Amino acid sequence: MDKKTIVVLFGGQSSEHEVSCVSAVTVINHIDLDHYDILLVGITREGKWLLTGSVEDITSGVWRDGKKTAILSPDRSNPNLLIMEGNHVEYKKIDVVFPVLHGLYGEDGTVQGLLELAGVPYVGCGVLASAVSMDKLFTKIIVDNLDIRQAAYEAVYVKELDEMSKVVERIESNLPYPVFIKPSNAGSSKGITKAHNREQLINGLKEASLHDRKILVEETIIGREIECAVLGGIEAKASGVGEIVAAAEFYDYDAKYNNADSKTIITPELPEGKAQEISDAAVKIFRAVDGYSLSRVDFFLEKDTNEIVFNEINTLPGFTAISMYPMLWEAKGIAKPQLVEKLIQTAFTRNMK
């Protein structure tokens, strides 16, 4: 059997650049080299695409000093990777792309749109699912129609902050303190703050406005943080569930990636029937946003009521050593090499009827 050429994209221009690199190393190390030739393409924080020589270069970071530019051609009649060094141009025909890109300019439909133009099979959700799932406000709007509880919220547009007093009055009349303030489009908890009073609310709105023109203000849900992995297409299936025990007041970027006291628990003890209820809700939300290939869907289990409350969906969840997505499937008997292969195969079956 002829080998297929797979391009693994990593890095990117979002705040999750470093995490993307770590996730990519995990994915690369579990691709079956008997079936695939791998081309490694890193995207720098500045947006430059570079051909990378090895996993070791990714781990050390020296890939960012690479001299070979690698550009994906959008020409659908001849999908190639254009590798350029000086005046020399080499064309590499490619069969599939695995974009291990977290956050903006990778998980938000932008790269997916380029791959659709080029007609290249790729792992992960499509343009629509990627875009609406990255945008917390539009995810909320979709889930509002699913009979699945989520935190009450108010949407704020940056232009409205010119009349801050009116915005604050509206929020305070509809949501009790404390509230969370989130940029609608930002990955890995960047720009998120918690406000216990008016002064903190104003400061949080200003902080969120630095990251996006749309802001989401949400009621605080007190409860356990539960996550569920989804895999597949129309026949998508959910894993079991896992629990996040954050080392901080909430699971922000630092608590997620830099604080060793944050813990993940696979198959935590939950009230009877709740794990299945969460899994069912995860698949329902995945389908509602037109999800495909993979996602991780996050919930709260409310402390006083044991009611499940939807939090967010991530269409390219982390693949690091501490990431819930691969750990949940390992608990179901799907080891990382099998999981990576299943994900690659979803790229080839995306358009099958």
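Points worth noting:
- Spacing of the modelled spin labels on H35 and L117, each 7 Å from Cα toward Cβ, amounts to 3.1 nm.
- Residue list for the stretch 94-123, given a label point 7 angstrom along the Cα-to-Cβ vector of I71 and an amide N cut-off under 20 Å: 94-95, 97, 105-106, 110-120
- Computed over the Cα atoms of the stretch 300-353, the ratio of the radius of gyration to the Kirkwood radius (Rg/Rh) comes to 1.11.
- Three-way shape call for the stretch 157-197 based on the alpha-carbon gyration tensor, with the a/c threshold at 1.5: oblate
- Gain on full stretching of the segment that runs from H88 to S173 - 0.36 nm per residue minus C-alpha separation: 24.3 nm
- Accessible area of the chain belonging to carbon and sulfur atoms, whole % at 1.4 Å probe: 50 percent
- Placing pseudo-labels 7 Å out from each Cα toward the beta carbon at S60 and K3 gives an inter-label distance of 2.3 nm.
- Computed on the stretch 140-239, the Cα convex hull volume stands at 128 Å³ per residue.
- Remark: relative contact order (the stretch 29-188) = 14 percent; criterion is Cα-Cα distance under 8 angstrom and separation of 6 or more residues.
- In terms of Cα atoms, the Rg and Dmax of the chain work out to 20.7, 67 Å.
- Flagged links, alpha-carbon separation over 20 Å, of K303/K332; K48/K92; K263/K284; K136/K190; K237/K303; K140/K214: K303/K332; K263/K284; K237/K303
- Shape of the stretch 1-136, Cα gyration tensor, a/c cut at 1.5: rounded
- Annotation for E330 and V158: the two label points, set 7 Å from Cα along the Cα-Cβ direction, are 4.0 nm apart.
- Between L301, A347, V168, the Cα set farthest toward the positive side of the dipole of the chain (charges on each charged residue's Cβ, about the Cα centre) is that of A347.
The values are calculated or read from the model by the stated rules, or taken from the named source; none is laboratory data. This is a predicted model, so every value here is computed, not measured. Backbone-built Cβ (ideal geometry, glycine too); neighbour counts: all protein chains shown. Note: areas computed on protein heavy atoms with side chains; ligands, DNA, RNA excluded. Shrake-Rupley method; radii C 1.70, N 1.55, O 1.52, S 1.80 Å.
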